[in-house]
Amino acid sequence: MRVALFATCVNDALYPNTAIATVRLLERLGVRVDFPAAQTCCGQPQYNTGYRRLTEPLVNRMARAFAGYDYVVTPSGSCVAMVRENYPRIGAKARAEGRGDALTHAADELAPRVVELTEFLVDVLGVVDIGAYYPHTVTYHPSCHGLRVLGLGERPLRLLRAVRGLRLVELPGAEECCGFGGTFAVKNPDVSAAMGADKIAHAAATGAELLCGADNSCLMHLDGMLRRADSPLRTVHIAEILASTEQEAAV
Amino acid sequence: MSTPGALKTLSGGVYLGMPAFPEAARTSTHDARLRANLRRATHTIRARRADAVAELEDWPRLREAGKRIKDQTLRHLDRYLLQLEEKVTAAGGTVHWAADAAEANRIVTSLVRATGSTEVVKVKSMATQEIGLNEALEAAGIAAYETDLAELIVQLGQDRPSHILVPAIHRNRREIREIFRTQMARYGRPAPSDLTDSPADLAEAARVHLREKFLRAKVAVSGANFMVAETGTMVVVESEGNGRMCLTLPETLISVVGIEKVVPSWRDLEVFLQLLPRSSTAERMNPYTTMWTGTHRGDGPKEFHLVLLDNGRTATLADEVGRQALRCIRCSACLNVCPVYERAGGHAYGGVYPGPIGAILAPQLAGVGGTVEASLPFASSLCGACYEVCPVAIDIPEVLVHLREQVAEHNSGHRLERAGMRGATWLLDHPGALAAVERAAAKTRALHPRTLPLGPAKGWSESRDLPDFPARPFRDWWKANHTSEMSGE
Ligand code: SF4
């Protein structure tokens with residue numbers, strides 16, 4: 001099984017610990033993982049802001065960078081959703097505009113192989129208890145694209161429940177959007193902040209020490225709000241929890 | 001009845017002179033009372049809808065059927081509309097075709113004038129809101145009285161609707177009592193002096209106030225939820241029974257209906273009569289369903305006019321991605337579940353169609369040229385909650401992004417952003433350059449501020465700290481610790 005890590009641009013530049021944790025965790029489970037250096041970004045910011053044509057070079061880049069791997073594992077639900085749901089649309093529109101089938105082929109060839117980290121663990125490797133140890137009280141926010149586009153469902157929660165030492169507390173209104181939404185956060189800052197304020201209030205009310213998620217872009221927004229509010233609550237990506245063991249604490 | 005000047009609508013139901021969504025929301029998100037009213041109302045109906053839908057095991061199949069019926073009907077819309085016209089005419093009704101709001105208003109005004117009446121009672125209708133009919137009638141010296149309880153509250157309060165099903169959702173009971181107490185007398189029977197804010201008291205005051213209007217009115221104006229092509233039957237569903245009073249008592253009935261409201265047959269109607277009440281009011285069945293076919297001697301209105309409204313719908317139909325918005329049955333489930341609607345409120349959308357459906361409908365009916373219309377496709381975090389609840393499976397996020405593309409292309413205000421996006425794509429298509437930028441950011445990280453005063457970063461850092469840059473990007477960690485089998489470039 002040839003497995004590549006798609007770290008995503010946000011993790012590469014801002015949250016390397018999440019990508020490192022993903023690598024360590026997969027290696028601990030006996031998966032040999034590769035990081036093709038040609039990878040950059042799935043193009044979600046461009047696409048969701050209305051610049052579809054500017055996304056096209058990145059579709060091609062993704063397809064080239066990850067050609068030949070059986071699985072492309074990504075610690076970001078929204079990037080997987082971008083590839084799975086929107087790459088075929090980008091291809092279809094290019095075709096409708098008379099620009100051939102190349103993008104459609106690239107999309108069709110890549111999309112089925114790109115999997116979100118918790119999908120890969122639960123569905124492909126068939127593991128739930130991966131021997132992690134994390135002695136903290138944690139609440140989990142399921143980011144929208146993982147929740148609704150990918151249908152991750154219980155997977156992240158099952159993985160968290162199997163972590164030794166971890167106390168999982170339920171987040172009220174968990175399924176409500178945190179208000180990040182990519183460029184929405186800067187184009188509609190007031191609504192975005194109002195949504196974020198409600199989310200962190202809910203998280204704080206659980207008494208958890210950590211607010212866990214599977215998408216660092218949402219966590220970046222929430223962490224920024226928590227720090228602005230001088231809250232003791234911190235955010236953590238699920239990969240970093242799952243990578244922690246008794247021997248080796250979180251990166 | 002007089003209404004404020006700001007109610008003048010453009011095509012697509014957007015009001016004249018409204019600010020773009022983010023500006024409007026800047027104020028409304030900080031209105032604590034509005035936020036509380038909306039939060040309470042939307043969360044209540046949200047939970048009830050979920051329960052009502054969960055009762056039906058075959059909901060996903062019903063939803064799929066609703067979607068398909070609408071799609072097939074839209075594909076052959078011309079055929080079904082002609083069939084409908086033929087059946088309505090054969091049953092004694094008269095069909096008029098209106099290309100836009102102005103034409104529809106002209107037709108309705110002249111029909112009312114021909115009756116000699118100077119007032120009409122109205123059944124709650126989005127189509128007549130969209131064309132600004134009340135204002136057009138008023139300009140012609142004809143008073144239009146809203147009879148739906150929530151519409152009445154809005155009209156008496158000289159307010160604007162903020163929800164497609166519950167137009168006064170932004171008001172609480174105390175505010176409604178105040179409006180009734182101070183305004184009812186100006187337009188008819190006053191509210192009782194000992195009016196309380198209990199729902200029963202408020203409903204009774206409205207009932208008594210409206211009753212004299214029902215009994216006096218010679219002309220009613222309505223919309224319709226559905227039109228059945230095979231028999232020419234109009235369908236209005238409602239909860240209060242006020243609609244039925246309007247649809248049965250007056251001598252003349254004029255219905256203004258969007259052309260997308262046609263369904264081929266009664267069998268198709270059956271699907272929507274299950275989807276709509278559960279999605280909108282969380283009821284298994286709505287209390288009143290009024291159906292009529294043309295006119296009947298000695299029963300109901302003597303004259304029936306159907307005004308079929310285009311007003312941007314044919315243009316919307318031409319757009320392969322955007323046309324799914326025409327499947328909408330105006331249930332309002334997407335509003336009730338929308339986190340943006342809940343915080344910004346319906347008025348921030350600047351027109352008669354707020355919420356997720358408004359954000360894709362108004363810019364399509366009117367085009368993305370206007371300030372409000374151009375801002376609406378961006379009034380969403382693309383969380384997808386709307387799509388999940390939509391009973392006809394309109395992929396609202398897909399249409400929003402599709403419309404963002406149109407805005408980015410046609411709107412000169414987006415030039416700077418385009419340049420930025422182009423730069424980003426270039427960088428992301430050159431991993432070597434990207435790595436250099438990442439390293440530079442990592443090296444200078446101690447100097448990075450927590451907030452930034454300008455540009456998009458300002459919108460970010462007004463309420464959030466900027467993230468810290470790490471000591472080194474992931475790709476450098478990888479290089480130091482692994483060798484890639486396939487390094488790519
Ligand atoms: S878009 Fe769907 S959910 Fe929203 S009002 Fe229309 S039918 Fe209802």
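The values are calculated or read from the model by the stated rules, or taken from the named source; none is laboratory data. All figures in this text were calculated on a predicted structure; none of them were measured in a lab. Here Cβ is always computed from backbone atoms with ideal geometry, including for glycine, and neighbour counts include all displayed protein chains. Ligands, DNA and RNA are stripped out before the accessible areas are found, and what is left, the full protein with its side chains, is counted by its heavy atoms. Shrake-Rupley method; radii C 1.70, N 1.55, O 1.52, S 1.80 Å.
For segment B:441-462, check the following and say yes or no: at least one residue is at pLDDT 85 or above and either more than 7 Å from every other protein chain (Cβ to nearest Cβ) or surrounded by 15 or more Cβ atoms within 10 Å (Cβ to Cβ) (or both). Give the derivation first.
First, pick out the residues of segment B:441-462 that are at pLDDT 85 or above: none.
Among the residues of segment B:441-462, not one is at pLDDT 85 or above and either more than 7 Å from every other protein chain (Cβ to nearest Cβ) or surrounded by 15 or more Cβ atoms within 10 Å (Cβ to Cβ) (or both), which makes the answer no.
So, restricting to strands (runs of 3 or more DSSP E) that lie completely within segment B:251-346, which ones have at least 3 residues that are among the polar types (S, T, N, Q)?
Per the criteria, B:288-293.
Considering segment B:335-373 alone, what residues qualify as being within 11 Å of another protein chain (Cβ to nearest Cβ) and either within 13 Å of the ligand (Cβ to nearest atom) or open to solvent by 10 Å² or more (accessible area, probe 1.4 Å) (or both)? If you could, list the steps in order and put the result at the bottom.
Here is the first cut: in segment B:335-373, the residues within 11 Å of another protein chain (Cβ to nearest Cβ) are B:337-345, B:348, B:368.
The answer is B:V337, B:C338, B:Y341, B:V368.
Which one of these does A:T40 not meet: (1) of a type outside the set (D, E); (2) surrounded by fewer than 20 Cβ atoms within 10 Å (Cβ to Cβ); (3) over 19 Å from A:D123 (Cα atoms)?
Unmet condition: (2).
State whether one or more residues within segment A:43-51 are more than 26 Å from B:A408 (Cα to Cα) and modelled with pLDDT of 95 or more.
In the first step, residues of segment A:43-51 are kept if they are more than 26 Å from B:A408 (Cα to Cα); the result is none.
The answer is no; no qualifying residue exists.
With respect to A:R53, determine if the residue is in a helix (DSSP H, G or I), charged (D, E, K, R) and crowded, with 23+ Cβ neighbours inside 10 Å. Before you say what the answer is, go through the steps one by one.
Details: in a helix (DSSP H, G or I): yes; charged (D, E, K, R): yes; crowded, with 23+ Cβ neighbours inside 10 Å: no.
No: the conditions fail for A:R53.
Which condition does A:A185 not pass, out of (1) open to solvent by 10 Å² or more (accessible area, probe 1.4 Å); (2) closer than 16 Å to A:N48 by Cα; (3) aliphatic (A, V, I, L, M), if it passes all the others?
(1)
For B:R113, are the conditions met, namely being surrounded by fewer than 21 Cβ atoms within 10 Å (Cβ to Cβ) and farther than 27 Å from B:N336 by Cβ? If you could, list the steps in order and put the result at the bottom.
Working: surrounded by fewer than 21 Cβ atoms within 10 Å (Cβ to Cβ): yes; farther than 27 Å from B:N336 by Cβ: yes.
Here the answer is yes, as B:R113 does meet what is asked.
Provide a single number: the residues in segment B:406-429 that are in contact with a Ser or Thr (Cβ under 6 Å, 6 or more places away or on another chain) and more than 8 Å from chain A (Cβ to nearest Cβ).
Kept after step one, since they are in contact with a Ser or Thr (Cβ under 6 Å, 6 or more places away or on another chain), are these residues of segment B:406-429: B:428.
So of that shortlist, the ones also more than 8 Å from chain A (Cβ to nearest Cβ) come out as none.
Here the count works out to 0.
Give B:H163, B:H170 a once-over and let me know the one that is within 16 Å of the ligand (Cβ to nearest atom) and assigned to a loop (DSSP other than H, G, I, E, B). Break it down into steps so the answer makes sense when it comes.
On the way: B:H170 fails: within 16 Å of the ligand (Cβ to nearest atom).
Just a single option satisfies the conditions, and that option is B:H163.
So that you can scan it fast, the table gives a plain yes or no per residue for (1) within 16 Å of A:L242 (Cα to Cα); (2) open to solvent by less than 10 Å² (accessible area, probe 1.4 Å); (3) among the hydroxyl-bearing types (S, T, Y):
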{"position": "A:E154", "(1), (2), (3)": "yes, no, no"}
{"position": "A:V163", "(1), (2), (3)": "yes, yes, no"}
{"position": "A:R167", "(1), (2), (3)": "yes, no, no"}
{"position": "A:G179", "(1), (2), (3)": "no, yes, no"}
{"position": "A:A208", "(1), (2), (3)": "no, no, no"}
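For residues in segment B:374-396 being away from the ligand (no atom under 12 Å from the Cβ) and within 15 Å of the chain's Cα centre (by Cα), which is farthest from A:R148 (Cα to Cα)?
Taking the candidates together, the pick is B:L376.
Mind checking which residues of segment A:89-141 are basic (K, R), under 13 Å from A:E56 (Cβ atoms) and open to solvent by less than 60 Å² (accessible area, probe 1.4 Å)? It would help to see each step written out before you state the result.
We begin by selecting, within segment A:89-141, every residue basic (K, R); these are A:89, A:93, A:95, A:99, A:113.
Applying the additional criterion that residues be under 13 Å from A:E56 (Cβ atoms) yields A:89, A:93, A:95, A:99.
Hits for segment A:89-141 are A:R89, A:K93.
Against the conditions (1) more than 12 Å from chain A (Cβ to nearest Cβ); (2) within 16 Å of the ligand (Cβ to nearest atom); (3) over 18 Å from the mean Cα position of the chain (by Cα), where does B:H402 fall short? Just the number, please.
(1)
For segment A:180-215, enumerate the residues that are of a type in the set (V, I, T) and either over 18 Å from B:E23 (Cα atoms) or not assigned by TED's automatic domain parsing to the domain that holds A:G146 (or both).
Our first condition is that a residue be of a type in the set (V, I, T); within segment A:180-215, this holds for A:183, A:186, A:191, A:200, A:206.
The answer is A:I200, A:T206.
Could we say that A:L58 is hydrophobic (A, V, I, L, M, F, W, C), open to solvent by 10 Å² or more (accessible area, probe 1.4 Å) and within 22 Å of A:M220 (Cβ to Cβ) here? If you could, list the steps in order and put the result at the bottom.
On the way: hydrophobic (A, V, I, L, M, F, W, C): yes; open to solvent by 10 Å² or more (accessible area, probe 1.4 Å): no; within 22 Å of A:M220 (Cβ to Cβ): yes.
Criteria not met by A:L58.
Output the residues belonging to segment A:1-29 that are in contact with a Cys (Cβ under 6 Å, 6 or more places away or on another chain) and not in a helix (DSSP H, G or I). Explain how you work it out, then say what you get.
At the first step, the residues of segment A:1-29 found to be in contact with a Cys (Cβ under 6 Å, 6 or more places away or on another chain) are A:8-9.
Selection gives A:T8 alone.
Of everything in segment A:27-74, what is touching a residue at least 40 places away in the same chain (Cβ under 8 Å), among the charged types (D, E, K, R) and more than 7 Å from chain B (Cβ to nearest Cβ)? Give them in sequence order.
A:R28, A:E56, A:D70
As an exercise: evaluate B:R181 against (1) at pLDDT below 95; (2) open to solvent by 70 Å² or more (accessible area, probe 1.4 Å) and give the number of the one condition it does not meet.
Only one criterion is unmet by B:R181, namely (1).
Failed condition for A:G98, given (1) assigned to a helix (DSSP H, G or I); (2) over 19 Å from the mean Cα position of the chain (by Cα), with all others met?
Of everything listed in (1) assigned to a helix (DSSP H, G or I); (2) over 19 Å from the mean Cα position of the chain (by Cα), A:G98 misses just condition (1).
Report every pair of residues separated by at least 6 positions or lying on different chains whose Cβ atoms are under 6 Å apart, first residue within segment B:278-292 and in the same structural domain as B:A150 (by TED's automatic domain parsing) and within 16 Å of the ligand (Cβ to nearest atom), second of a type in the set (S, T, Y) and open to solvent by less than 20 Å² (accessible area, probe 1.4 Å).
Note: pairs meeting the criteria are B:S280/B:S332.
When you go through A:E119, A:E154, A:E209, A:E170 one by one, which is the residue that is modelled with pLDDT of 95 or more, more than 10 Å from chain B (Cβ to nearest Cβ) and within 14 Å of the chain's Cα centre (by Cα)? Before you say what the answer is, go through the steps one by one.
Values: A:E154 fails: within 14 Å of the chain's Cα centre (by Cα); A:E209 fails: within 14 Å of the chain's Cα centre (by Cα); A:E170 fails: within 14 Å of the chain's Cα centre (by Cα).
None of the others qualify; the one that does is A:E119.
Would you check which residues across segment B:59-91 are open to solvent by 40 Å² or more (accessible area, probe 1.4 Å) and in a loop (DSSP other than H, G, I, E, B) and list them? Can you show your working first?
To start, the set of residues in segment B:59-91 that are open to solvent by 40 Å² or more (accessible area, probe 1.4 Å) comprises B:60-61, B:63-64, B:67-68, B:71-72, B:75-76, B:78-79, B:82-83, B:85-87, B:89-90.
Hit for segment B:59-91 is B:H76, nothing else.
What single numbered condition from (1) open to solvent by less than 40 Å² (accessible area, probe 1.4 Å); (2) under 22 Å from the mean Cα position of the chain (by Cα) fails to hold for B:D268?
Tallying (1) open to solvent by less than 40 Å² (accessible area, probe 1.4 Å); (2) under 22 Å from the mean Cα position of the chain (by Cα), B:D268 fails exactly one: (2).
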